[in-house]
Amino acid sequence: MDESPVDGVAREVLEETGVKVHAEQLTGVYKNMRLGVVTLAFRCRVIDGNAHVSDETRRIAWLTVEEATQHMPEARAIRVTDAISRGEPAVRIHDGTRLLLQLTVRISDQRRAWFSGPWRPG
């Protein structure tokens, strides 16, 4: 597609929820090591729209951080907590459900983070 990641986020959220958002900041980069899929996560601000379900959503709800993290696998819940931390973007790896902590770092830590040997799921 001929769009930036920020424009892609806004388009996807609108298509899937009916809510128009503005992506304010990249909050994390997450790689599913099992599938080889990389996800960029952004903290967004709602601009307009009325939330509704679509072909890609079963339910839409506004949740507190605690409610959201209780209902998500660890590999998804960390995206919520990273987004509200207001720190530098995180770089994390996971297996689709759990974080693989041995290789999880913050961007500011990458200069100092060294890892040798095979990675093992936590």
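The values are calculated or read from the model by the stated rules, or taken from the named source; none is laboratory data. As the structure is a computational prediction, the values presented were derived from the model and not from experiment. Virtual Cβ from ideal backbone geometry, glycine too; neighbours counted across all protein chains shown.
Some notes on this structure:
- Selection status of residue 68, surrounded by 12 or more Cβ atoms within 10 Å (Cβ to Cβ) and touching a strand residue (DSSP E or B) at 6+ places or on another chain (Cβ under 7 Å): no
- Unmet criterion (only one of (1) surrounded by 13 or more Cβ atoms within 10 Å (Cβ to Cβ); (2) in contact with a Pro (Cβ under 8 Å, 6 or more places away or on another chain); (3) modelled with pLDDT of 90 or more; (4) not polar (S, T, N, Q)) for residue 107: (3)
- Scanning segment 71-94 for residues that are buried (at least 17 other Cβ atoms within 10 Å of the Cβ) and part of a loop (DSSP other than H, G, I, E, B) gives a single hit, 89.
- Within segment 41-53, residues that are exposed (fewer than 12 other Cβ atoms within 10 Å of the Cβ) sit with their Cβ atoms under 8 Å from residues that are hydroxyl-bearing (Ser, Thr, Tyr), at 6+ positions apart or across chains, in these pairs: 52/17.
- Just one of the listed residues (16, 66, 24) is in contact with a Ser or Thr (Cβ under 9 Å, 6 or more places away or on another chain) and of a type in the set (D, E, K, R), namely 16.
- Of all residues in segment 17-40, those satisfying the criterion of being surrounded by fewer than 17 Cβ atoms within 10 Å (Cβ to Cβ) and assigned to a strand (DSSP E or B) are 20, 22, 24, 25, 29, 31, 32, 37, 38, 39, 40.
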